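So the structure is just underneath, and the comments pick up after that.
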Amino acid sequence: MLIGHALSRFRLREFNRNVRLFFAFGTSINAGMALFSLLYNLYLLRLSYQEDFIGQVASMAPLATGLLALPTGILSDRFGRRPFLIASGLLLAISQLGLCLTTSPGSLLAFSFVGGVAMAFVWVNHVPFLSDNAHPARRAEALAIWSALQIVVRMLLSLIGGFMPGVMGYFLGLSTEVPEPFRYALFFGAACSLVAVVPLLYASGQTRREREPAPTQRRPKLDSSANLTEARKSPSEDEPTTSPWRVFAAITALSGTRGFSMGLTYPFFNVFFEAELGVGPAAIGAIFFLSQLAGLPATFAAPTLVRRFGPTLTILPSRIMGGSALGIMGAFISLPLAIPMFLLVRIGEVIDNPSDQHFSTQVLPRRFWARIQGLRVCGFQLLNFLGSLIGGMLILDYGYGAVFGLACASRIASGLIMAAFFGLRPARPPASER
């Protein structure tokens, strides 16, 4: 009831058909990803793999995403977003099935790489797809709903998924200390990824600009001389003051430092709770559920925060908060402290993510959207790959304290890069370009 009431404030039915179908796609594909995010590394532990190899498997997906992000952005500008989004569901299901059906190291790395190709298609195209199909006045809402769907779906699947290995083990007559109960639970996640393809098969290939009428908002009529004056005045007021390539470099840098922090931590949170703090799968699912639940109000508040304070003053504090919480988690290895700090990390991330996505469509005109998203994803994922690779080795050699401390520094640095380059009130492109 609470979730339904919260989502209703976004007036989902007022979005056009393509946007609603995309939300259905997001619901299903996030369900598949949520189960794998929760259970897959615990499954690898039961195959007798340690954090160094878990980090290698986790690193393959962002490596593939980073390598393919920019060419995917260029190709999607030419061929459209929908073919890539449909392919993402198919490839992700193939990857997830392969990760469950094989146990050899080389095969696991290869299937993880295929999953990263699928995610390149999603992460590069979801912002342009929603921006193309949602009216500009509701673009921030559409992106916030996408983030909210991730949270709601991951929240429910975390709670349910934590119990799934135990349920599977009961019917199989096996303990959850062996891999098979986890494998059968993960099959359900692969099925969700495959089902995600169905809604997009019914989506139109047209963009919002081609089929959606302008909003019924009255504007004062100007005579021809006033129009000419306004046309001459607006660009000079709104024209970006920095070159596109400098903006590209800055966004790549701030996305990369954030991605490095994510790579150092996110693949290992479930392993940290089980191996370091002695928490079982069901309790880990409950902790992940609480983190998503705590982040849900923050997701709905993100568009309001961006409108009220601007993107920098929304993103910078969220990264400082999340980074500091990571540092505390690493400095004090304690379950009572780790749980609230993990919640703060998640709250900061769910404010940060939709704000960051929306920001990338605000600092440059529409013709640069796919390229800036490609560079943004490329920088984030390649450093995410590096963080996952390094993180697993550092955990074995120096423990979680060193890894979480490095992630803290990287997360805060990403916010400082944004503030230093774009200022507290970033410039916007001309209204005619948005």
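Listed highest first by mean packing, meaning other Cβ atoms within 10 Å per residue, what order do 102-108, 297-303, 336-342, 264-270 come in?
For the peptides 102-108, 297-303, 336-342, 264-270, the packing ranking is 264-270, 297-303, 336-342, 102-108.
If the viscosity is 0.890 mPa s and the temperature 25 °C, what Stokes-Einstein diffusion coefficient in µm²/s follows for the stretch 17-155 when Rh is the Kirkwood radius over Cα pairs?
Taking Rh from Cα pairs, D becomes 155 µm²/s.
If the convex hull of the alpha-carbon atoms of the stretch 77-188 is projected onto planes in all directions, what is the mean projected area in square nanometres?
Approximately 8.5 nm², given one-decimal rounding.
Using heavy-atom solvent-accessible surface (probe 1.4 Å) with all chains present, what is the largest-first order of Trp146, Trp123, Trp245?
Solvent-accessible surface, decreasing: Trp245, Trp123, Trp146.
Multiply the residue gap between Ala283 and Gln362 by 0.36 nm, knock off their C-alpha separation, and tell me the result in nm, one decimal place.
That works out to 24.4 nm of additional length.
If eta is 1.002 mPa s and T is 20 °C, what Stokes-Einstein diffusion coefficient results for the stretch 91-153, Kirkwood Rh from Cα pairs, in µm²/s?
For these conditions, the coefficient is 159 µm²/s.
Applying 1/(1 + (r/R0)^6) with R0 = 25 Å to the Cβ-Cβ distance of Arg20 and Ala137, what FRET efficiency is obtained, to the nearest 0.05?
So, using R0 = 25 Å, E works out to roughly 0.90.
If you count, for each residue, the other Cβ atoms within 10 Å and average over each peptide, how do 90-97, 348-355 line up from highest to lowest?
So the order, starting with the most tightly packed, is 348-355, 90-97.
Using 0.36 nm times the number of residues separating Arg78 and Phe171, minus their current alpha carbon distance, what extension gain do you get?
28.5 nm
What does the convex hull of the alpha-carbon atoms of the stretch 18-85 project to on average, in nm²?
If you wrap the Cα atoms of the stretch 18-85 in a convex hull and average its projections, you get 5.7 nm².
What Kirkwood hydrodynamic radius do you get for the stretch 51-102 when you take the inverse of the mean 1/r over all pairs of distinct Cα atoms, in Å?
Result for the stretch 51-102, one decimal place: 12.6 Å.
Between beta-carbons, use under 14 Å as the cut-off and find the net charge around Arg346, counting Lys and Arg +1, Asp and Glu -1.
Summing Lys/Arg as +1 and Asp/Glu as -1 gives +1.
By the scheme Lys and Arg +1, Asp and Glu -1, what is the net charge of all other residues having a beta-carbon under 9 Å from that of Arg258?
0
I'd like to compare 64-76, 46-58: which one has the highest average count of other Cβ atoms within 10 Å, and what's the full order after that?
64-76, 46-58
On the principal axes of its Cα set, how long, how wide and how thick is the stretch 376-423? Give whole Å, largest value first.
39, 21, 7
The values are calculated or read from the model by the stated rules, or taken from the named source; none is laboratory data. No experiment lies behind these values; they were computed from the predicted model shown. Note: ideal-geometry Cβ built from the backbone for every residue, glycine included; neighbour counts use all protein chains shown. What goes into the accessible areas is simple: the full protein's heavy atoms, side chains included, and nothing from ligands, DNA or RNA. Shrake-Rupley method; radii C 1.70, N 1.55, O 1.52, S 1.80 Å.
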